[in-house]
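**Student:** The following block contains the structure, expressed as structure tokens.
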């Protein structure tokens, strides 16, 4: 067992669990403000996919040596994550929550329509590569592409009225 590998995997687990807590708090607050959720049907599938990805990392990666070049890319992605979370603040959540308010147009949203999805695509590829798990990176990139095709379609339709306003 590699101590650095266990620290890396532990970081990912703690990060994902803490994000679920933050998302739950933010979702509740947004709903209290009159927001509503769309795409509820695909959410459990998305959670299951991410849980399976994490499970694969833990099962197949715990005894792998780390690739520090890929780790540096992963660290860069975490800085991008902080920028996204800082920009969205209390509006960040893992669900599609529609609030009757102007869309966020600053921070990374000034450059990308869906920066959080770009981040997730990159992380699902890069984290397994840190551990040399190419097959996990490939498998979950394909699964995530299918999930995002559904999710971005649902979100896009729900945001049409806000983009017109």
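What follows is calculated from the coordinates using simple rules that are stated; it is not laboratory data. These numbers come from a predicted model, not from an experiment. Every residue, glycine among them, receives a Cβ derived from its backbone with ideal geometry; neighbour counts consider all protein chains shown.
**Student:** Just need a number here: residues in region 104-128 that are crowded, with 16+ Cβ neighbours inside 10 Å and outside any helix (DSSP H, G or I).
**Tutor:** Result for region 104-128: 2.
**Student:** Scanning region 66-103 for residues that are part of a loop (DSSP other than H, G, I, E, B) and in contact with a helix residue (DSSP H, G or I) (Cβ under 7 Å, 6 or more places away or on another chain), which turns out surrounded by the fewest Cβ atoms within 10 Å (Cβ to Cβ)?
**Tutor:** Taking the candidates together, the pick is 103.
**Student:** Yes or no: region 62-71 includes at least one residue that is closer than 19 Å to residue 19 by Cα and under 18 Å from the mean Cα position of the chain (by Cα).
**Tutor:** Checked against the condition, which is being closer than 19 Å to residue 19 by Cα and under 18 Å from the mean Cα position of the chain (by Cα), region 62-71 yields no hits at all.
**Student:** Still on this model: State all residues of region 1-25 that are over 15 Å from the mean Cα position of the chain (by Cα) and either assigned to a helix (DSSP H, G or I) or closer than 21 Å to residue 88 by Cβ (or both); if no residue qualifies, say none.
**Tutor:** Passing the criteria: 3, 4, 5, 6, 7, 8, 9, 10, 25.
**Student:** Criterion first (under 26 Å from residue 145 (Cβ atoms) and exposed (fewer than 13 other Cβ atoms within 10 Å of the Cβ)) does residue 44 satisfy it?
**Tutor:** yes
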